[in-house]
Structure formats: structure tokens, C-alpha cells
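The values are calculated or read from the model by the stated rules, or taken from the named source; none is laboratory data. Since we're looking at a predicted model, the values are computed, not measured. For neighbour counting, all protein chains shown are included, and Cβ atoms are generated from backbone atoms with ideal geometry for every residue, glycine included.
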Amino acid sequence: MLSINSKLPSTGTSLFTVMSALASEYNAINLGQGFPDFPMDETLAELAKKAIGDGYNQYAPMAGYLPLRETIAHKIETLYQNKISANDNITITPGGGYAICTAFTTILDHGDEVIVFEPAFDSYIANIVSCGATPVIIQLEYPSYKIDWNKVKAAITPKTKAIIINSPHNPTGVVLSDEEMLQLQEILRNTKIFLISDEVYEHLTYDGLEHNSALKYPELFERSFVCFSFGKVYNCTGWKLGYCVAPKAWMAEFRKIHQYNAFCCFTPTQVAIAEHLKNPETYLQLKHFMQKKRDLFVKLMENSGFDLLPAQGGYFVSGTYEKIASEDGLSLAMHLTKTVGVATIPYSTFYSKGEDQKVLRFCITKKDETLIEGAHRLQQIKMNKL
């Protein structure tokens with residue numbers, strides 16, 4: 001009999017997939033999975049159609065369509081004062097998650113350790129384990145979800161190969177400050193530890209907060225793979241297009257893995273985004289657009305019985321439900337989908353051991369009418385101990 005020694009023996013179908021399917025089955029409003037329900041920018045859609053009509057339908061270069069990489073390099077220099085090479089430092093990837101996975105595959109060997117902060121996006125640990133490495137978990141401090149940097153120092157061993165950070169953070173919405181990035185830089189100084197920086201929500205910071213990219217800090221960048229997503233920026237998650245930025249030597253190794261996996265990405269969308277990016281307002285205004293949705297949802301949920309946690313950036317607002325239910329997060333999320341008609345994601349899915357702090361995550365990248373109706377339905381469970 002043939003058999004497979006599974007690299008991920010404890011992994012099943014993602015809860016995001018499960019909850020989206022359940023939302024469809026019960027005709028529920030899907031505030032679980034992070035995707036918009038409103039149209040993407042019409043101008044960008046037309047540019048993609050034009051690219052197809054203009055014949056950009058064959059393989060793009062392995063590293064990505066050069067005009068797109070050049071535009072990204074200009075953007076990085078403008079925003080982060082880091083003059084990088086479009087040829088040597090940037091690779092276009094089929095999504096931000098792919099960029100992160102490829103970065104892990106590039107650097108990890110069997111027996112290595114990677115420091116991961118939980119709650120964490122679920123792919124991180126799967127990527128690490130499938131490479132034969134070991135995740136070293138540090139829990140963010142509840143309810144602020146800040147990093148205890150003393151715990152980071154204590155977790156570093158001779159086996160530590162990398163640390164992964166995520167800002168703005170999924171699911172909590174926390175944004176790393178300049179002070180925190182400098183603390184991280186100090187901790188990593190004189191080590192051989194890589195940094196993987198997940199910055200897919202780069203342009204979604206609220207209340208005047210600044211996104212402190214690893215690209216801004218020369219000492220951090222020299223050890224970094226910085227990963228981005230066009231799908232999150234331009235509300236076209238189904239395009240599965242992103243990019244990775246790294247120093248020349250590390251990017252050369254990254255591309256060795258990339259060329260035998262995807263090789264290249266969908267050409268017409270690369271051509272379209274290369275043109276679209278020439279107007280900085282297409283991404284600089286996004287934070288204002290999304291903050292209005294955050295503020296609307298927070299206002300709508302004031303008397304829902306949920307205690308909402310601060311959301312400084314990203315696609316999500318989270319809330320504790322201790323006032324209205326005593327059950328675990330997964331059970332409540334299932335119950336709300338089936339009976340109230342709103343799908344959410346419990347924080348327990350972002351913990352490798354399923355820690356349950358009675359917190360649910362709500363996606364705010366929805367039409368205003370969707371958020372209004374979702375909040376109205378959630379109001380129905382107010383103070384009714386479930």
C-alpha cells in the first residue's frame with residue numbers, strides 16, 4: 001500500500017473555508033473571511049481588460065513584469081527612503097501568502113527554530129513545520145496584544161533562524177510603533193537571525209498612525225524578506241498577486257525556489273497594476289476609505305453586548321463576548337452563523353493550541369449596507385446568555 005508521511009498531520013480544512021461554506025449554506029452575512037463584497041476599482045479592472053486585449057497574455061519574466069517592479073521600487077524609495085533595485089530586490093509573487101511561504105522555504109533547514117507571535121495567521125506555523133523547522137510561540141499580551149520584548153530575548157537560542165512579524169496585525173489590528181521596530185532591530189543586532197515581515201495591510205493604518213515597514217530600518221532590511229499583497233491594497237483578493245522585497249543575496253535564493261514553483265504570475269494583472277500604481281492616491285487614500293468602515297461598524301456595535309477591541313489597522317475589528325455567552329469561540333461562531341445569520345472567526349483558530357479568550361473577529365471590508373445589516377442581526381443576541 002502506498003502511504004504519505006504527512007508533513008502536516010494535524011492540519012485539516014482551514015476554518016476560514018469552513019465558515020465561508022457555512023455562511024453560504026445558511027445564507028449568512030460573511031464577516032469571517034477577509035475579502036470585500038464591493039467592486040474593485042473600475043479603472044484597474046479596465047486596465048486588466050486592456051492588457052489582455054493588447055496581447056499581454058504570455059509568460060511574464062520570472063521575477064515579474066519589469067515596469068511593475070520599477071514602479072514598486074519608486075514607491076518604496078518615496079515612502080520608506082530605501083533606494084532598492086527593481087532588478088535585484090523585488091520578485092512578484094502569486095499572493096502575499098506565497099511570498100511568506102517561499103521566504104520560509106528559502107531559509108529554513110530541519111531543526112531550525114522560528115519565533116512566532118500568537119494570535120497568528122494560520123499559514124505561518126504550517127509553513128514552518130512543513131520545512132522541518134520548529135515554531136517557538138510567544139503570546140501577545142491580552143488585551144492590548146503588544147509584544148513583550150523580554151520574552152523575545154529569552155526565546156532566542158542558537159537554533160533561532162528567523163522571527164516573523166505582522167503589522168498591521170491580523171487578527172488584532174495592532175500596528176507596530178517606531179519604538180518597537182527599533183527594539184526589534186536592537187535585539188537582532190549581531191545575530192544571524194532573519195526577519196520575515198508580513199505587511200499585506202501596509203496601507204491600512206488608522207487614526208493617523210504610520211506604517212513602520214521593515215524597509216525603513218537599514219539594519220532590519222539587511223536580514224529581511226518583506227512581503228506584500230496587491231489583493232489587499234486594491235480589494236481584488238482573487239487576483240492572488242503580491243511581491244517580496246529582500247537584499248540581493250537573499251532574493252537570489254528566493255528566486256531559486258520561486259522559479260520551480262509558480263515561475264511567474266498572471267501577466268495582464270501585472271501590466272494593469274504597473275500602470276495603476278503610477279497614481280499614488282490609489283493606495284494612499286485607502287486608509288481613509290477603510291477607516292470610515294471601521295468607524296461605522298464600531299458605532300453600529302456600541303450596544304451589541306460585544307466589547308470591541310481597538311483596531312489600529314487592517315481588515316478586521318474584534319470583540320469579546322463574555323457579556324453575552326459563556327461557550328467557546330468556535331461554538332459561538334457556528335451558532336451565530338446558523339441562527340443569527342452572521343459568520344465570524346473565533347480567535348482560537350489563530351492559536352496553535354486553540355487558546356480561547358472569548359474573542360471573535362469581524363471583517364469590515366464590506367459594503368456599508370452589509371455592515372449595517374450584520375450589526376443589526378448581532379444586536380439580536382444582546383444580553384441573552386446563549
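Tabulated data for the structure shown
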{"quantity": "Boolean, Ala274 is assigned by TED's automatic domain parsing to the domain that holds Thr93, small (Gly, Ala, Ser) and closer than 20 Å to Gly96 by Cβ", "calculated": "yes"}
{"quantity": "Of all residues in region 265-281 being within 19 Å of Gly95 (Cα to Cα) and either surrounded by fewer than 17 Cβ atoms within 10 Å (Cβ to Cβ) or among the hydroxyl-bearing types (Ser, Thr, Tyr) (or both), the one that is farthest from the chain's Cα centre (by Cα)", "calculated": "Thr267"}
{"quantity": "Residues of region 52-67 classified as outside any helix (DSSP H, G or I) and surrounded by fewer than 20 Cβ atoms within 10 Å (Cβ to Cβ), total", "calculated": "8"}
{"quantity": "Subset of region 231-246 [closer than 16 Å to Thr91 by Cα and either of a type in the set (Val, Ile, Thr) or not assigned by TED's automatic domain parsing to the domain that holds Thr93 (or both)]", "calculated": "Val245"}
{"quantity": "Residue match in region 309-319 (condition: more than 22 Å from the chain's Cα centre (by Cα) and either modelled with pLDDT of 95 or more or more than 18 Å from Leu296 (Cα to Cα) (or both))", "calculated": "no"}
{"quantity": "The listed residue being out of contact with any Lys or Arg (no Cβ under 8 Å at 6 or more places or on another chain) and either surrounded by 16 or more Cβ atoms within 10 Å (Cβ to Cβ) or not in a loop (DSSP other than H, G, I, E, B) (or both), out of Lys83, Lys49", "calculated": "Lys49"}
{"quantity": "Which numbered condition Glu70 misses (of (1) of a type in the set (D, E, K, R); (2) buried (at least 16 other Cβ atoms within 10 Å of the Cβ); (3) closer than 26 Å to Phe289 by Cα)", "calculated": "(3)"}
{"quantity": "Any hit, region 299-314, residues being more than 20 Å from Gly173 (Cα to Cα), of a type in the set (Phe, Trp, Tyr) and in a loop (DSSP other than H, G, I, E, B)", "calculated": "no"}
{"quantity": "Selection count, region 186-212, where residues are of a type in the set (Ser, Thr, Tyr), under 20 Å from Pro247 (Cβ atoms) and crowded, with 18+ Cβ neighbours inside 10 Å", "calculated": "1"}
{"quantity": "Residue in region 227-234 that is assigned to a loop (DSSP other than H, G, I, E, B) and under 25 Å from Pro310 (Cα atoms) present", "calculated": "yes"}
{"quantity": "Criterion (of a type in the set (S, T, N, Q) and touching a helix residue (DSSP H, G or I) at 6+ places or on another chain (Cβ under 7 Å)) met by exactly one of Thr267, Thr320, Thr344", "calculated": "Thr344"}
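So that you can scan it fast, the table gives a plain yes or no per residue for (1) closer than 23 Å to Cys363 by Cα; (2) modelled with pLDDT of 95 or more; (3) part of a loop (DSSP other than H, G, I, E, B); (4) polar (S, T, N, Q):
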position	(1), (2), (3), (4)
Cys101	no, yes, no, no
Phe104	no, yes, no, no
Val114	no, yes, no, no
Ala120	yes, yes, yes, no
Asn170	yes, yes, yes, yes
Met181	no, yes, no, no
Ile187	no, yes, no, no
Ile196	no, yes, no, no
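Matching residues to (1) crowded, with 18+ Cβ neighbours inside 10 Å; (2) aliphatic (A, V, I, L, M); (3) farther than 30 Å from Ile72 by Cα:
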| site | (1), (2), (3) |
| --- | --- |
| Val114 | yes, yes, no |
| Val129 | yes, yes, yes |
| Ile138 | yes, yes, yes |
| Lys151 | no, no, yes |
